[in-house]
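Undergrad: This is the structure I have questions about; it appears just below.
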Amino acid sequence: MTKKKMQPVVNLAWCKACGLCIAFCPRDVFTAAADGRPLVTRPDACIACGLCDYRCPDFAITLAENKVGV
Amino acid sequence: MANDLRLEEYLREREFPTMWCAGCGHGVTVKGTIRAIAKMGWDKDDVLAVAGIGCSARAPAYCDFNSIQTTHGRAIAFATGMKMHRPNLHTVLLLGDGDCIAIGGNHFIHGAKRNIDLTVVVMNNSIYGMTGGQISPTTPHMCNSSTTPFGNFEEQINLCDIAIAAGATYVARTTAYHVNQMAALIEGGLRNKGFSVIEVVEPCPTGFGRKNEFKTPVAMYEWLRDAAISVDKARDLSPQELKNKIVTGVLHQSSRPEFITEYAKMSKKAQERAKSTGASLELMPEEMGKFPGYSEVRLSGSGGQGLVLAGIMLSEATIKQGKNAAHLQSIGPEARGGTSRSEVIISDGEIINPKITAPHVLLAMTQEAADKYCSGVKPEGIILLDSTFVKEVPTAAAKTYQYPVTEFARDTLGNPLVANVLALGILARLTGKLSVNALEDVVRKRVPQRVRELNIKALWAGYEIGKDLVQTDA
Ligand SMILES: Cc1ncc(C[n+]2csc(CCOP(=O)(O)OP(=O)(O)O)c2C)c(N)n1
Ligand code: SF4
């Protein structure tokens, strides 16, 4: 059974650039853009722990299948 | 697992983005609550989310459950009423610390005391967020706020300890940093059949963080991460060592009778008692049939005429007959002489709303009350006017009877104060709704010894007067 590879997807319309996902991601998947919002710069490093999603106060992060990195 | 949960199904997406500041912990706690509810596998429509007032109070608006925002501090009181009426609704409260333990402190204590099956998630951000960062009872010692610029010299309240002391059966604490623990602890509260409190210590970056040298929201979450200590580890530490720590985990769990279950038992017992004492005496056959099933009664006049008591006695007599009753009273600002109104619903079935719309029966004991209420009575209804005071009979579609109730009470019975019971006797006959025997039982119980016999005499005199009125009418 092959496990699906997941990665975070950010809904920029809801994001308020609090920086929590960037600061607390255990694998440094995100880097901050100039406006402080997260860019998903290391999608392949994601271990799908879901912490960015759970900690995002704005419901702006979900995990979705990483289509490229399969 | 992160991906099992389809969070968007639980959200009212049209309400987003949220009104909360960047990094505000309220969103994190809402998410933890949704995760816990999802884990329970409950249908969204079987969940009720209740809030009070504050930034926190927006929480239910973002979730697609049944939801209600109530008044500041009163969410537990509202939720108690709703839960009593719909015991099957899983009822979750999302309360700010100010809402819960400052203005709402007494409701909190009594909710815990009753052990009513509610799950209270306290979004404790150490501050009154919405109104501009004033101290709350939960503000830590010597922290700054907009009202304590030199530091809060008061000690902070421990709301979990209060919940435990008052009798809550599940009490836990976590922080907005510890998201997985949060979801698990809230789930524990949902599983507990009784009063559950989950305190989530949260950041308010705007109202608290900026005044307390937290430069960013991230710094606040680091504080929560570092200050938290599990309840197991905390056991070995002295109070001194625990200062500035946040003790997390399940702090208390116990089992004792739950309020709604106990209430149902007592209600059954009361109904059986009413039957066995013969309180549910048969109505006379010719009296059956008026307003079957459901009727609304308004007793109106002025303060001091005993209408509130009359409403209570009418309700109790109704219940004694095995029916349901709801009673609302409204007294004008003046204790005596102001307008007074007492409203009773008599129903064979469940009463959904205690407020009456158009009464079937009206008693008016002042001109003012008659002028105000006669026209609102249902056309097939009955009006009884105390002609001692009502000199001009307002036009009304309903059948209107007049009798000098107060005058008869004063001159023939010797005490104007029994006019209320006299009127009940008349109404019992006019409406055929009530057994006088049931009323007699209630009067016997309700009025003081020295006027008891006089009141019973008045009740039966009223019943006879009612007979005459009906006969004259025929
Ligand atoms: C009866 C009443 N008193 C005072 C207020 C003003 N008021 C609005 S929100 C609030 C405090 C909210 O603080 P908290 O419950 O901690 O929630 P937060 O805003 O921090 O989420 C107060 C005092 C009110 N709305 N109603
Ligand atoms: S003021 Fe505080 S509690 Fe209110 S939304 Fe902002 S961060 Fe949240």
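Readers should treat all values here as calculations from the given coordinates under stated rules, not as data from a laboratory. Since this is a predicted model, take the numbers as computed values, not measurements. Every residue, glycine as well, gets a Cβ built from its backbone with ideal geometry; the counts of neighbours run over all protein chains shown.
Undergrad: Which one of B:Ala423, B:Thr400, B:Asn455 is farthest out on the positive end of the charge dipole of the range B:388-474, using unit charges on Cβ (Lys, Arg +1; Asp, Glu -1) and the Cα centre as origin?
TA: Highest projection toward the positive end goes to B:Asn455.
Undergrad: Shape verdict for chain B, please, from the Cα gyration tensor: rounded (a/c under 1.5), prolate (a/b greater than b/c) or oblate.
TA: Values: a/c = 2.70, a/b = 2.49, b/c = 1.08.
Prolate shape, in that a/c is at least 1.5 and a/b is the bigger ratio.
Undergrad: Looking at the range B:7-259, what % of its DSSP beta bridges pair antiparallel, to the nearest 5?
TA: On the way: 8 of 37 bridges.
Here the antiparallel bridges make up roughly 20 percent for the range B:7-259.
Undergrad: Spin-label point model (7 Å from Cα, Cβ direction): what's the B:Thr357 to B:Ser387 distance in nm?
TA: Each label point lies 7 Å from its Cα, and together they span 3.4 nm.
Undergrad: What's the local net charge at B:Phe389, with K and R +1, D and E -1, over the other residues with C-beta under 11 Å away?
TA: Working: positive: B:Lys391; negative: B:Glu368, B:Asp386, B:Glu392, B:Glu407.
Charge balance near B:Phe389 sits at -3.
Undergrad: Another question about this same structure. State the extension gain, in nm to one decimal, for the chain segment bounded by B:Arg444 and B:Trp460, taking 0.36 nm per residue of separation less the distance between their alpha-carbons.
TA: Numbers: separation 16, 0.36 × 16 = 5.76 nm, distance 1.27 nm.
Gain on extension, B:Arg444 to B:Trp460, equals 4.5 nm.
Undergrad: Can you compute the charge dipole magnitude of chain B about its Cα centre, using +1 on each Lys and Arg Cβ and -1 on each Asp and Glu Cβ, nothing else charged? Give it in debye, rounded to the nearest 20.
TA: In total the dipole reaches around 560 debye.
Undergrad: Rounded to the nearest Å, what's the spacing between the alpha carbon centres of the range B:35-93 and the range B:421-460? Just the number, please.
TA: 43 Å
Undergrad: Work out the FRET efficiency for B:His252 and B:Asp468 from their Cβ-Cβ distance, taking R0 = 45 Å, and round it to the nearest 0.05. Walk me through the numbers before you get to the answer.
TA: Values: r = 66 Å, r/R0 = 1.47.
Given R0 = 45 Å and the Cβ-Cβ separation, E is 0.10.
Undergrad: Out of the DSSP beta bridges found with both residues in the protein assembly as shown, what percent are antiparallel (nearest 5)?
TA: Bridges in the protein assembly as shown are about 45 percent antiparallel.
Undergrad: What number, rounded to the nearest 500 deg cm²/dmol, is the helix-based mean residue ellipticity at 222 nm of the protein assembly as shown, given -39500 (n - 2.57) per DSSP H run of at least four residues and division by all its residues?
TA: Estimated from H runs of four or more residues: -9500 deg cm²/dmol.
Undergrad: Here's another thing I want to ask about it. How large is the dipole of chain A about the Cα centre if only Lys and Arg carry +1 and Asp and Glu carry -1, each at its Cβ, rounded to the nearest 20 debye?
TA: 180 debye
Undergrad: Can you give me the C-alpha center-to-center distance between the range B:383-417 and the range B:129-202, rounded to a whole angstrom?
TA: About 59 Å separates the Cα centre of the range B:383-417 from the one of the range B:129-202.
Undergrad: Along Cα→Cβ, 7 Å out, is where each label goes; now give me the distance between the ones at B:Ala264 and B:Glu8 in nm to one decimal.
TA: 3.9 nm
Undergrad: Let me ask another. Calculate the radius of gyration of the Cα atoms of the range B:426-474 to one decimal place, then report Dmax, the largest Cα-Cα distance, as a whole number, both in Å.
TA: Final numbers for Rg and Dmax: 11.7, 38 Å.
Undergrad: OK, next. Around B:Gly133, what is the net charge, scoring Lys/Arg as +1 and Asp/Glu as -1 over all other residues with Cβ under 9 Å from its Cβ? If you can, show how the numbers build up before the last one.
TA: Working: positive: B:Arg210, B:Lys211; negative: none.
Charge balance near B:Gly133 sits at +2.
Undergrad: To continue, here is another question. Net charge within 11 Å of B:His252 by Cβ-Cβ distance, Lys/Arg positive one each and Asp/Glu negative one each, not counting B:His252 itself? Before the final figure, lay out the partial values.
TA: Working: positive: B:Arg173; negative: B:Asp161.
After counting each charged neighbour, the total is 0.
Undergrad: When the label point is put 7 Å from the Cα of A:Ala33 along its Cα-to-beta-carbon vector, which residues of the range B:13-40 have a backbone N closer than 19 Å?
TA: Once the point is set 7 Å along Cα→Cβ of A:Ala33, B:17-18, B:22-23 turn out to lie under 19 Å by backbone N, inside the range B:13-40.
Undergrad: What does the C-alpha gyration tensor say about the overall shape of the protein assembly as shown? Classify as rounded when a/c is under 1.5, otherwise prolate if a/b is larger than b/c, or oblate. Before the final figure, lay out each step's value.
TA: Working: a/c = 2.79, a/b = 2.56, b/c = 1.09.
It comes out prolate by the Cα gyration axes.
Undergrad: Shifting gears a bit: Quick one: which of B:Lys83/B:Lys378; B:Lys372/B:Lys467; B:Lys355/B:Lys457; B:Lys372/B:Lys399; B:Lys355/B:Lys467; B:Lys269/B:Lys355 span more than 25 angstrom between C-alpha atoms? Each step should come with its number before you reach the end.
TA: Values: B:Lys83/B:Lys378 33 Å; B:Lys372/B:Lys467 27 Å; B:Lys355/B:Lys457 32 Å; B:Lys372/B:Lys399 16 Å; B:Lys355/B:Lys467 30 Å; B:Lys269/B:Lys355 27 Å.
Too far apart for the 25 Å limit: B:Lys83/B:Lys378; B:Lys372/B:Lys467; B:Lys355/B:Lys457; B:Lys355/B:Lys467; B:Lys269/B:Lys355.
Undergrad: Let me ask you something else. At 1.306 mPa s and 10 °C, plugging the Kirkwood radius over alpha-carbon pairs of the range B:7-259 into Stokes-Einstein gives what diffusion coefficient in µm²/s?
TA: Values: Rh = 17.9 Å.
D = 89 µm²/s.
Undergrad: Okay, next question. Nearest 10 degrees is fine. How inclined is helix B:259-276 to the longest principal axis of chain B, computing both from alpha carbons?
TA: Between the helix axis and the principal axis of chain B, the angle is about 20 degrees.
Undergrad: With axes computed from alpha carbons, what is the tilt in degrees of helix B:419-431 against the longest principal axis of chain B, rounded to the nearest 10 within 0 to 90?
TA: 80 degrees
Undergrad: How much length is gained if the chain between B:Lys113 and B:Tyr294 is pulled fully straight, taking 0.36 nm per residue apart and subtracting their Cα-Cα distance, in nm to one decimal? Before the final figure, lay out the partial values.
TA: On the way: separation 181, 0.36 × 181 = 65.16 nm, distance 3.55 nm.
Result for the pair: 61.6 nm of gain on full extension.
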